[in-house]
1. So, in the stretch 61-77, exactly how many residues are out of contact with any helix residue (DSSP H, G or I) (no Cβ under 6 Å at 6 or more places or on another chain) and surrounded by 16 or more Cβ atoms within 10 Å (Cβ to Cβ)?
2. Thr100: surrounded by fewer than 13 Cβ atoms within 10 Å (Cβ to Cβ) and among the polar types (S, T, N, Q), yes or no?
3. With the requirement that a residue be closer than 11 Å to Ile16 by Cβ and either at pLDDT below 95 or among the aliphatic types (A, V, I, L, M) (or both), what does the stretch 49-64 give you?
4. Quick check: anything in the stretch 84-93 under 28 Å from Lys6 (Cβ atoms) and exposed (fewer than 14 other Cβ atoms within 10 Å of the Cβ)?
5. So is Glu89 at pLDDT 95 or above and acidic (Asp, Glu) or not?
6. Filter the stretch 12-60 down to residues that are crowded, with 19+ Cβ neighbours inside 10 Å and over 13 Å from the mean Cα position of the chain (by Cα) and give me whichever is nearest to Thr100 (Cα to Cα).
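The values are calculated or read from the model by the stated rules, or taken from the named source; none is laboratory data. What you see is a predicted model; the values in this text were computed from it and never measured. Using ideal geometry, Cβ is built from the backbone for each residue, glycine included, and neighbour counts are taken over all protein chains shown.
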Amino acid sequence: MPARRKPLTAVAVVAIVFGLLTIVSGGRALFGGADMGAVVPFVLWFNFLAGFAYFIAGLGLWFRTGWAPGLAIAITLATGAIFAVFLLEVWRGTAYEARTMGAMALRLAIWVVISVVAARENASRA
């Protein structure tokens, strides 16, 4: 495998695994009946549904489709927007779990990296 393909393969695997873990954890939080504390419902639903997009983007990156970098960027932008609205809600005094703050920052950081790697790979193919 050429050296320049390794970063794209690595982020594809991260996206696929992250997507599956997000679907499972979000599904448990939403449908498992466990008390999750002061969850912010729109963040929980976004993360659960985004897990499916993560998985699809990961597959697209794995197979080096032309649409996957765009999807990765869209996921990054959507995650940033939801994080911004979440921060606004926190500023307004909405109760929240501290782990949500960390999880959203982690999600955004991961998708920024995935998007950069995918965009660079896409640009080098052009």
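1. 2
2. Working: surrounded by fewer than 13 Cβ atoms within 10 Å (Cβ to Cβ): no; among the polar types (S, T, N, Q): yes.
It is false that Thr100 is surrounded by fewer than 13 Cβ atoms within 10 Å (Cβ to Cβ) and among the polar types (S, T, N, Q).
3. Ile56, Ala57, Leu59, Leu61
4. Residues of the stretch 84-93 that are under 28 Å from Lys6 (Cβ atoms), as a first pass: none.
Looking for residues that are under 28 Å from Lys6 (Cβ atoms) and exposed (fewer than 14 other Cβ atoms within 10 Å of the Cβ), one finds none in the stretch 84-93, hence no.
5. yes
6. Val40
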